[in-house]
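Novice: First the structure, then my questions, so here it is.
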Amino acid sequence: MKRRIFLIFGSLLGLSPYLKAREFNSFDKAFKRVEPTIAAVQEHMFPKGGKIPSASSMYATQFLFETIRHQSYDRDIRAFVLEGAEELTRREKGQFVSMNSEEKEKALRAYEETSSGSNWLSRIMILTMEALFSDPIYGSNIKEAGWRSLGVHGGMPRPISRYISL
């Protein structure tokens, strides 16, 4: 009996990297479905022509993807980001991305009135601000433009590698 249990646990342990790979593969597919909605929300929050660089010029959506995809990121928050974008897309019948600025503002204000919508918009705002103001080593804040727009310098010491390996 002990040998059988050992073999079962050994098999499960051997399969664990494949299960994790499958989890991230399904995340990648889910993110691709909602990426246009997330990008449109980020660009609406931080548009071109403002004092602060736009979300698109700082690759904020790519930063958000890489951040929440990282193995150290909370899996519940990762799911919440996807589910919130899917909910916004459903609420607006898939038209959010093609709306003009006034329509987007109205849709986001209505979504903000729901408890999950308010929390989701807050999370997107936080992740976008991290993109705009984090150290450029993380792939955003291109040429320190976010820092320069506020007249500040990054923290010291600066990071020497992109992410900590776990």
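No lab work stands behind these numbers, since they all come straight from the coordinates. It should be emphasised that the depicted structure is a prediction, and the values quoted were computed from it without experimental measurement. Cβ: placed from backbone, ideal geometry, glycine included. Neighbour counts: every protein chain shown.
Novice: Rounded, prolate or oblate, given the Cα gyration tensor of the stretch 27-150, with a/c below 1.5 counting as rounded? Numbers along the way, then the final one.
Specialist: Working: a/c = 1.88, a/b = 1.22, b/c = 1.54.
Oblate, because a/c is 1.5 or more while a/b does not exceed b/c.
Novice: Return MET156, MET125, MET58 ranked ascending by Cβ neighbour count within 10 Å, so the fewest neighbours appear first. Each step should come with its number before you reach the end.
Specialist: Working: MET156 5, MET125 14, MET58 26.
Ascending number of Cβ neighbours within 10 Å: MET156, MET125, MET58.
Novice: Where Lys and Arg each count +1 and Asp and Glu each count -1, what net charge lies around ILE124 among other residues with Cβ under 12 Å from its Cβ?
Specialist: -2
Novice: Taking neighbour counts of Cβ atoms within 10 Å as a proxy for exposure, in what order, fewest first, do ASP76, ASP28, ASP135 appear?
Specialist: Taking fewest neighbouring Cβ atoms as first place, the list is ASP76, ASP28, ASP135.
Novice: Which of the chymotrypsin sites (Phe, Trp or Tyr not before Pro) found in the stretch 54-131 are in a DSSP loop and have at most 15 neighbouring Cβ atoms, other than their own, within 10 Å?
Specialist: TYR73
Novice: Each residue of the stretch 120-134 in turn: what ³J(HN,Hα) in whole Hz from Karplus with 6.51, -1.76, 1.60 and θ = phi - 60°, glycine and Pro shown as x?
Specialist: Values, residue by residue: 5, 4, 4, 5, 5, 4, 4, 5, 6, 5, 4, 4, 6, 10, 6 Hz.
Novice: Same structure, new question: Can you count the Lys pairs in the stretch 27-150 whose Cα atoms are under 16 Å apart, with each pair 8 or more apart or on different chains?
Specialist: For the stretch 27-150, the number of qualifying lysine pairs is 4.
Novice: Net charge within 15 Å of SER134 by Cβ-Cβ distance, Lys/Arg positive one each and Asp/Glu negative one each, not counting SER134 itself? Could you put the intermediate results ahead of the total?
Specialist: Numbers: positive: LYS143, ARG148, ARG158, ARG162; negative: GLU66, GLU130, ASP135, GLU144.
Its environment carries a net charge of 0.
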